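Let me begin by presenting the structure, written as structure tokens, before commenting on it.
The values are calculated or read from the model by the stated rules, or taken from the named source; none is laboratory data. These numbers come from a predicted model, not from an experiment. No Cβ is skipped: glycine too gets one built from the backbone with ideal geometry, and neighbour counts run over all protein chains shown. Please note that ligands, DNA and RNA were not included when accessible areas were found on the heavy atoms of the full protein model with its side chains. Shrake-Rupley method; radii C 1.70, N 1.55, O 1.52, S 1.80 Å.
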Amino acid sequence: VGLRNHGFWRPKALLDTARFTLSFNSWHRKIHQDSQALWKHEAVQKYLETLSKEYQQVSHLLNADSLNEFEQRTLRRRCADLSPIAAAFQEIKEAEKEIQELEAMCRELDRRDEKQLLELALEEKETLDEKMNLLCRKLFQLLVPKEKYDRSPVILEVTAGRTTGGDICQQFTKEMFEMYQNYADYKRWTFDIVNYTPAEIGGLHHAAAHISGEDVYRHLKYEGGTHRVQRIPETGMSSRMQRIHTGTMSVIVLPQPEEVDIKVDPKDLRIDTFRAKGAGGQHVNKTDSAVRIVHLPTGLAVECQQERSQQLNKEIALRTLRAKLYQQIVEKQLSQEQSARKLQLGTRAQSERIRTYNFTQDRITDHRISYEARNIKEVLCGKEALDKLINRLLEFAEIEAVTEYLENLQASEEGGC
């Protein structure tokens, strides 16, 4: 039994195995679709059936005595890739059967007017629906290739925008930075502040932090962009007149792999020292411990003023500079890999308004996925509510990745490739 005869010879990714006709032209994607909606599509079912059958074939071939060592090794690798997908596929099938049986029971109870039993059955169905959605997400996460930077720590920067109406940008920037700090604590990450430039009126002009932990970049990569705030200032004429002001702040999220091998020529650096601003006691006011480094070839500038030691601030600033230079490489790679996804979740253009925080209506809107959340204060606490919003973004990104692949596969089929 040769591998070539069974289509297993060529190396291929998990999302490059099936060859069949798709019918995506008749399926107009809606922005509110979830994992279950994608799972139920005929093309996805066919694709997963193909992977499941391949897994059965590979498992069967592994028992053949005629395979040489290379063929066995190739099949074992393929079997290891397909095994969790086949298991998840089977698990979803079983959950789907449970839901169908429960729906039939609900119809029967409704016909017999058994209100109490029907209520219990509907609660169980709601639990099963939630389980089904989680299983679908798990399956799509197995299918979608992991981004190489997902497990990396990050440098997160916040910068206040400009407004013609008071200090709402600086105040909002402070609230956002504290939100991410609380979120890091909620996720049990390490949050080290490397720069903090407060505004004179109590807000924040700019701040940066190094965040490390499990899958930090994966959770924060879609936070980069322009965040808009709409609120009535707490003080001044506008507060008395109940005038709503609009302001912005920007978030930059830079992945920083543990080993960033970016060489920086000292000749290309201009290093300035100055006195740190803000709280810190007499020391900060009397010594030039803060450091600003400008990379002359690119114009990139970083500064650090958090440590009492000028040398420590210089080391932290250099690390941040390397991360920014590394980010230019990352962005180039991502832009090359970025295709014409309708959701455009991967873009980090700072001109792109990604989210609006409307305090007067107590509503947060993420414009990329038309997702709305109430209770702004709860989201700004940086715990469950923010985690729910971030996970919704991740789910849509996974759906987009799977959908895009299947659309590309259809185009390939129609082109006769």
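Here is a yes/no grid of residues against (1) out of contact with any strand residue (DSSP E or B) (no Cβ under 7 Å at 6 or more places or on another chain); (2) assigned to a strand (DSSP E or B):
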| position | (1), (2) |
| --- | --- |
| Ile155 | no, yes |
| Gln171 | yes, no |
| Lys174 | no, no |
| Phe191 | no, yes |
| Asn195 | no, yes |
| Gly202 | yes, no |
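Taking the criterion of being in contact with a Cys (Cβ under 9 Å, 6 or more places away or on another chain) and open to solvent by 50 Å² or more (accessible area, probe 1.4 Å), the residues of region 309-318 that qualify are Leu312, Lys314, Glu315. State whether one or more residues within region 134-145 are outside the structural domain of Ile316 (by the TED database), in contact with a Ser or Thr (Cβ under 6 Å, 6 or more places away or on another chain) and closer than 18 Å to Ile354 by Cβ. Scanning region 134-145, I find no residue that is outside the structural domain of Ile316 (by the TED database), in contact with a Ser or Thr (Cβ under 6 Å, 6 or more places away or on another chain) and closer than 18 Å to Ile354 by Cβ, so the answer is no.
I'm checking my understanding of the structure. Among residues of region 256-291 that are assigned to a helix (DSSP H, G or I) and modelled with pLDDT of 80 or more, which one is least open to solvent (accessible area, probe 1.4 Å)?
Of all residues in region 256-291, those assigned to a helix (DSSP H, G or I) come to 266-268, 282-286.
Add one more test, that the residue is modelled with pLDDT of 80 or more, and what stays is 266-268.
Working: Pro266: 102, Lys267: 172, Asp268: 51 Å².
Restricting to residues being assigned to a helix (DSSP H, G or I) and modelled with pLDDT of 80 or more, the top hit is Asp268.
Of the residues that make up region 107-129, is at least one under 25 Å from Lys53 (Cβ atoms), surrounded by fewer than 16 Cβ atoms within 10 Å (Cβ to Cβ) and touching a residue at least 24 places away in the same chain (Cβ under 8 Å)? Give the derivation first.
Taking region 107-129 as the starting set, the residues that turn out to be under 25 Å from Lys53 (Cβ atoms) are none.
No: region 107-129 contains no residue that is under 25 Å from Lys53 (Cβ atoms), surrounded by fewer than 16 Cβ atoms within 10 Å (Cβ to Cβ) and touching a residue at least 24 places away in the same chain (Cβ under 8 Å).
Looking only at region 130-145, residues that are open to solvent by less than 60 Å² (accessible area, probe 1.4 Å) and either basic (Lys, Arg) or more than 30 Å from Val402 (Cβ to Cβ) (or both) come to 1 in all. Can you name every residue in region 195-236 that is of a type in the set (A, V, I, L, M) and modelled with pLDDT under 90? Of everything in region 195-236, those that are of a type in the set (A, V, I, L, M) and modelled with pLDDT under 90 turn out to be Ala199, Ile201, Ile232. Per the conditions (1) of a type in the set (A, V, I, L, M, F, W, C); (2) out of contact with any Gly (no Cβ under 8 Å at 6 or more places or on another chain); (3) surrounded by 11 or more Cβ atoms within 10 Å (Cβ to Cβ); (4) at pLDDT below 85, the sole criterion not satisfied by Val294 is (4).
The number of residues in region 160-207 that are open to solvent by 40 Å² or more (accessible area, probe 1.4 Å) and hydrophobic (A, V, I, L, M, F, W, C) comes to 2.
Selection within region 208-226: residues that are crowded, with 23+ Cβ neighbours inside 10 Å and part of a strand (DSSP E or B). The member of this set that is nearest to the chain's Cα centre (by Cα) is Ile211. For the residues Val58, Val154, the requirement of being crowded, with 17+ Cβ neighbours inside 10 Å and either under 30 Å from Phe177 (Cβ atoms) or hydroxyl-bearing (Ser, Thr, Tyr) (or both) singles out Val154. Considering only residues in region 297-308 that are at pLDDT 85 or above and under 30 Å from the mean Cα position of the chain (by Cα), the one that is surrounded by the most Cβ atoms within 10 Å (Cβ to Cβ) turns out to be Cys304. None of Val158, Val194 is under 18 Å from the mean Cα position of the chain (by Cα), in the same structural domain as Lys221 (by the TED database) and under 24 Å from Ala317 (Cα atoms) except Val158. Of the residues making up region 65-106, those that are outside any helix (DSSP H, G or I) and open to solvent by 50 Å² or more (accessible area, probe 1.4 Å) are Asp65, Ser66, Asn68.
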